[in-house]
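Chemist: The structure follows.
The values are calculated or read from the model by the stated rules, or taken from the named source; none is laboratory data. All figures in this text were calculated on a predicted structure; none of them were measured in a lab. Cβ: placed from backbone, ideal geometry, glycine included. Neighbour counts: every protein chain shown. SASA here: full protein model, heavy atoms, side chains in, ligands and nucleic acids out. Shrake-Rupley method; radii C 1.70, N 1.55, O 1.52, S 1.80 Å.
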Amino acid sequence: DPVEATGGRAVGLLHASPDCTHHSHARGGQPRSSIIRALSWVVLKWAGKVRPRFTTLVRYADAPYRLWAVLAAYGGLRSIEVHRQRREQITEQQVRIFGKGDKPRVVPTHEVLWSAVKDLPPGPMAGTPSGRRVSTNFQRYCVKMHIPMSMHPLRAWFATTMYRATKDLQAVSQ
């Protein structure tokens, strides 16, 4: 039950990634299993019961927007930091981020973030000439997909989640 699983607390971000390998578009034919196909409807059930502020279906987002969203929501990166981020700065244990004034900070690597980057080659991850371009392109993509989202609320969700887990405002603000 979604309400029981969340303890009745408000949900800021519902991040869902239903399996799509049994859908006709993913496989090039008819659906293989009605049970697997029904997984995407579970997202609607959860969203209807817990009324999250934002809902993302990350599996279906196009590259590089999916990666940018994951870096913001699960690493707390600003758009300029997404632009600067290099694959070799992310390990299974930590993300080394060079933020404002090129000051480094380190955050733990969330399993969703690690899953998104572990197989990427070394080098830049954003593929854009500027941080502003990351923000603008992400926003345009979201408008095109009819998703009311920008990079900043994803980063804010990360900070809120970190604070709830640690109750350490100083650590979250860095």
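Chemist: Among 3-10, 66-73, how do they line up by average Cβ neighbours within 10 Å per residue, starting with the highest?
Modeler: Numbers: 3-10: 9.8, 66-73: 24.4.
My ranking of the peptides, most packed first, is 66-73, 3-10.
Chemist: Can I ask one more? Between S115 and V3, what length comes free when the chain is fully extended (0.36 nm per residue of separation minus the Cα-Cα distance, one decimal in nm)?
Modeler: 37.6 nm
Chemist: In terms of Cα to Cα distance under 17 Å, which aspartates and glutamates are near enough to K49, apart from those fewer than 8 places away along the same chain?
Modeler: K49 reaches D1, E4.
Chemist: Can you tell me the FRET efficiency between D168 and K103 if r is taken as the Cβ-Cβ distance and R0 is 22 Å, rounded to the nearest 0.05?
Modeler: Efficiency for this residue pair is about 0.70.
Chemist: Another one. Roughly how many percent of the accessible protein surface of region 73-145 is carbon and sulfur, given a 1.4 Å probe and a whole-percent answer?
Modeler: 50 percent
Chemist: Using modelled backbone amide H atoms (1.01 Å from N, in-plane), which distant-in-sequence or interchain residues come within less than 5 Å of L13's amide H?
Modeler: Excluding prolines and chain starts, which carry no amide H, the hits are R53, F54.
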